[in-house]
Amino acid sequence: MHVPDLHGTEARRIEALVPLAGARVLDVGCGEGRLTGFAAARAASVYAFDPNVESVEAARAVAEAQGVRFGVHGAEALAVERESFDVALCGWSL
């Protein structure tokens, strides 16, 4: 069941625990972009992926203008050559 975070609690907690300013962020299982836009507004770069093409298209509509790169694949198929990330977000993907 999807319960919207109307008060931004999740984003505030992430921000309090993990500095995203200037970070290279990996958004694992981005879904419809629930955290993607939040990360993109703060980070230097974001690579977001999800195995569901419809979800990625929805996330793209939310955050593509912010320079987010997207992929349609599962975590086991992650193939971002010679790139490292400072932070990995994995909200509801497990």
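The values are calculated or read from the model by the stated rules, or taken from the named source; none is laboratory data. None of the values given here were measured: they were computed from a predicted structure. Cβ sites come from the backbone with ideal geometry, for glycine too, and all protein chains shown count toward neighbours. Just the protein is used for accessible areas: all its heavy atoms, side chains included, with ligands, DNA and RNA removed. Shrake-Rupley method; radii C 1.70, N 1.55, O 1.52, S 1.80 Å.
Could you check how much of the accessible area of the chain is carbon and sulfur, as a whole percent, using a 1.4 Å probe?
Carbon with sulfur: 54 percent of the solvent-accessible area.
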Protection-proxy order for peptides 57-64, 27-34, each taking the mean of Cβ atoms within 10 Å per residue, highest first: 27-34, 57-64
log10 of Debye I(q)/I(0), alpha-carbon scatterers only, for the chain at 0.17, 0.20 Å⁻¹: -0.68, -0.95
Of ALA43, ALA61, LEU26, farthest towards positive along the dipole that unit charges on Lys, Arg, Asp, Glu beta carbons give the chain: ALA43
Average accessible area per residue (Å²) across the chain - probe 1.4 Å, nucleic acids and ligands excluded: 62
